[in-house]
Amino acid sequence: MVSSPMVIVLVGPPGSGKGTQAKALCERFGIPQISTGDMLRAAKKAGTLDQKLLEMMDKGGLVPDDVVIALIDGRIDAADARPGFLLDGFPRTVPQAEALASLLSRRSRDLDAVVQLDVPRHLLEERLIHRRTDKRTGQIYHLVYSPPPPGADLEHRADDRPEAVGKRLDAYEEMTAALLPYYQAKGLLRRVEGVGKPEEVTARVLAALGA
Ligand code: AP5
């Protein structure tokens, strides 16, 4: 558990292991994972996601900034986020980063660190196409590297189809090109090599955070 409030942002391309690392880090620090992707998928499951947004997501595009900013605004005041929180997949653009700065400043909170997971593109494609998620627990598996147990109720994300994967990787490169220098200039960016066993990556992230 952390003794003082901690706000961390995890950035990285699709498939870089944000969800996998977020779970390990949140358990370690006793803070919630706030994933805009998970929130959008929950809205999709509940049937409350606008049809246009649903199509944007499934095809691998980003949803508009105001949609994800509103999601974060409505989530970070929850009681479980008082000791801190880890943002997974938000912000992805400079306007989102500026909105986050203003949401935090209104609450007199600070952003402690932005951890970027670096993984080469050919590994990302391979990771995404073989990813499966347990429908009930949200546990993330890889059909080769961390295979699911027999009988698991698995789901294959619509945006993990090969035709959507390339588009997501392109969108990440375009949209975050300015985001990383933005955080670099603020002295918040910590780059971490995301290749290796998930536990090894977690150890690198903890070292980068000085934890
Ligand atoms: P989101 O859910 O955030 O997806 P993403 O960024 O594309 O990231 P992923 O969840 O695909 O990958 P990950 O980095 O979490 O990797 P994982 O740990 O699962 O967003 C989905 C969509 O929502 C977006 O495309 C967009 O439409 C919308 N959206 C969300 N946020 C938005 C925002 N802020 N603005 C606008 N739109 C937004 O790992 C992947 C695989 O690799 C798994 O199979 C895993 O088992 C395996 N793996 C993990 N670590 C390792 C390792 N070390 N070695 C080998 N395999 C590994």
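When only alpha carbons of region 1-118 are considered, Rg and Dmax amount to 14.0, 42 Å. Rounded to the nearest 0.05, the FRET efficiency derived from the C-beta distance between LEU143 and ALA177 at R0 = 41 Å is 0.85. On the chain, 55 percent of the accessible area sits on carbon and sulfur atoms, based on a 1.4 Å probe. Once the Cβ-Cβ distance of LEU103 and ASP134 is raised to the sixth power relative to R0 = 25 Å, the FRET efficiency obtained is 0.20.
Select from ASP50, ASP88, ASP170 the residue whose mean-square fluctuation is largest in a Gaussian network model of the chain (Cα-Cα springs shorter than 10 Å). Of the options given, ASP50 has the highest mean-square fluctuation. By the gyration tensor of its Cα atoms, with a ≥ b ≥ c the square roots of the eigenvalues, what is the shape of region 117-211: rounded for a/c under 1.5, prolate for a/b over b/c, or oblate? Oblate shape, in that a/c is at least 1.5 and b/c is the bigger or equal ratio.
Here LYS52 is the anchor, and no aspartates and glutamates lie within straight C-alpha reach of less than 13 Å, apart from those fewer than 8 places off in the same chain. Under the definition of Cα pairs under 8 Å and six or more residues apart, what whole-number percent is the relative contact order of region 66-211? Relative contact order comes out at 27 percent.
By its C-alpha gyration tensor, with a ≥ b ≥ c as the square roots of the eigenvalues, how is the chain shaped: rounded for a/c under 1.5, else prolate for a/b larger than b/c, else oblate? Rounded, since a/c falls under 1.5. Considering helices alone, the calculated mean residue ellipticity of the chain at 222 nm is -14000 deg cm²/dmol, with DSSP H runs of length four and up weighted by -39500 (n - 2.57) and normalised per residue. Straight Cα distances below 29 angstrom link LYS59 to the lysines LYS18, LYS23, LYS44, LYS45, LYS135, LYS167, with same-chain residues fewer than 8 positions distant left out.
The values are calculated or read from the model by the stated rules, or taken from the named source; none is laboratory data. Since we're looking at a predicted model, the values are computed, not measured. Ideal geometry is used to build each Cβ from the backbone, glycine not excepted, and the neighbour counts take in all protein chains shown. Side chains included, ligands, DNA and RNA excluded: accessible areas come from the protein's heavy atoms. Shrake-Rupley method; radii C 1.70, N 1.55, O 1.52, S 1.80 Å.
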